[in-house]
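Heads up, the thing below is written out as structure tokens.
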Amino acid sequence: MSTKNGYTPADTAHILNEALPYIRRFHGSTIVVKYGGNAMVDEGLKESFARDVVLMKLVGMNPVIVHGGGPQIGKTLEEMGRKTEFIAGMRVTDADTMEVVEMVLGGHVNKEIVRLINRHGGKAVGLSGKDGGLIRARKLQVTRESPEADAPEIIDVGLVGEVESIHPEVVETLDTGDFIPIIAPIGVGPEGETFNINADLVAGRLAQELAAEKLVLLTDVPGILDSGGGLLTGLDPEQVNGYISDGTIAGGMLPKVRCCLDAVGGGVQSAHIIDGRVDHALLLEVFTDAGVGTLIRGTAGRTQK
Ligand SMILES: Nc1ncnc2c1ncn2[C@@H]1O[C@H](COP(=O)(O)OP(=O)(O)O)[C@@H](O)[C@H]1O
Ligand SMILES: CC(=O)N[C@@H](CCC(=O)OP(=O)(O)O)C(=O)O
């Protein structure tokens, strides 16, 4: 006998049973999820992401969502006829661009995620790093090595920030209520300046400050791939550093794995890079034995997922 979805009752019982130890183990734990702009393009996937987050909250976990929105910022700038440039993976951000970044991240993208989660029965609250003084930032120094110059060249990327400190009280207060914090990666500088911060960097630091159980980064590749394109399912920091040194890990994956290394080095039990294009990727990662994507565990961490 099979049900409407093609599973037998035994299949369904098996699936629910498999989730039980994870529900028990992660009850009361904080799980920081970075939801990248590239993972946010398909309406069906956005709905299933929202349902996964609501389920996590309803079974007693504390999901904290940090979102990106790079492609959405790029599209808006293009519609306005403005050019955009990336240096070392960071968007060069002048004052006019910062206004657009804040409008798109803090306005459109943030409120879209809040709307989706609330539509599926959650109580999401949208924040940026400005709210409750959550993210104190400083200007990011970007340098470029060149064979001609003796010293690395310092490049001014404008109002691009890095996290100086996190003041998590507002997130903790929301977590102890039934709320789900949705955070746009914008920080405030010492003079009250607004800084544009890479969302991976915010998620990594926040996971450390909240002593999260897991950091999960959703992206648009299956995880960390080896030089033959095969998925690396489990890595420790030493192996990750090896793949960085031999150039297997490069480009946009570099800031991601560095955040993961910082997070697991800073007490987060495990960091995961997973494919946001897979339906219910988050659910599969948190509630099943196999998980999905790449797991990076701390040296002293557990060997299981
Ligand atoms: N070893 C690797 N495994 C997977 N992706 C890699 C690797 N090295 C470099 N990359 C690149 O990193 C990209 C992911 O980073 P990025 O595009 O910045 O993600 P996001 O937009 O989700 O923040 C991949 O699309 C891929 O081009
Ligand atoms: C400084 C910097 O580059 N900030 C990013 C912030 C958004 C982001 O990180 O979005 P994704 O995660 O979707 O790439 C930007 O302006 O695109």
Accessible area of Ile224 in the full protein assembly, 1.4 Å probe (Å², nearest 10)
0
Which three numbers, in whole Å and largest first, are the semi-axes of the equivalent ellipsoid of region 111-173 derived from its Cα gyration tensor as √(5λ)?
38, 15, 8
Out of Val142, Val53, Val104, a Gaussian network model of the chain with alpha-carbon springs under 10 Å gives the largest mean-square fluctuation to Val142
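Can you say what percent of the DSSP beta bridges in region 70-189, counting only those with both residues inside, are antiparallel? Round to 5.
Around 60 percent of the beta bridges assigned by DSSP in region 70-189 are antiparallel ones.
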Heavy-atom accessible area per residue - the chain, 1.4 Å, Å²
47
With every protein chain in place, the accessible area of Ile154 for a 1.4 Å probe, in Å² rounded to the nearest 10, comes to 120
Ranked by GNM mean-square fluctuation in the chain (Cα springs under 10 Å), the top entry among Asn62, Asn38, Asn110 is Asn38
Any chance you could tell me what percent of the C-alpha pair distances in region 23-106 go past 15 Å?
66
Taking the chain as a Gaussian network, where each spring joins two C-alpha atoms under 10 Å apart, which residue of Gly122, Gly251, Gly69 fluctuates the most?
Gly251
Using a 1.4 Å probe on heavy atoms of the protein chains only, the accessible area for Asp236 in Å², nearest 10, reads 50
Less than 18 Å apart at the alpha-carbon level, and either on another chain or at least 8 residues along: which lysines does that give for Lys214?
Lys34, Lys57, Lys256, Lys305
A correct Stokes-Einstein calculation for region 26-297, using the alpha-carbon Kirkwood radius, 37 °C and 0.692 mPa s, returns a whole-number D in µm² s⁻¹ of 174
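Given a 1.4 Å probe and heavy atoms of the protein chains only, how would you sort Ser227, Ser165, largest accessible area at the top?
Values: Ser227 115, Ser165 30 Å².
Correct descending sequence by accessible area is Ser227, Ser165.
For region 1-87, state which GluC sites (Glu not before Pro) are in a DSSP loop and have at most 11 other beta carbons lying within 10 Å of their beta carbon.
Glu85
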GluC sites (Glu not before Pro) lying in DSSP loop within region 140-215, provided at most 11 other Cβ fall within 10 Å:
Glu145, Glu148, Glu191
Can you give me the % of accessible surface on the chain that is carbon or sulfur? Probe 1.4 Å, all protein chains present, nothing else counted.
52
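The values are calculated or read from the model by the stated rules, or taken from the named source; none is laboratory data. Just so it is clear, the structure is predicted and the values come from calculations on it, not from any experiment. Every residue, glycine among them, receives a Cβ derived from its backbone with ideal geometry; neighbour counts consider all protein chains shown. Ligands, DNA and RNA are excluded from the accessible area calculation, which covers all protein heavy atoms including side chains. Shrake-Rupley method; radii C 1.70, N 1.55, O 1.52, S 1.80 Å.
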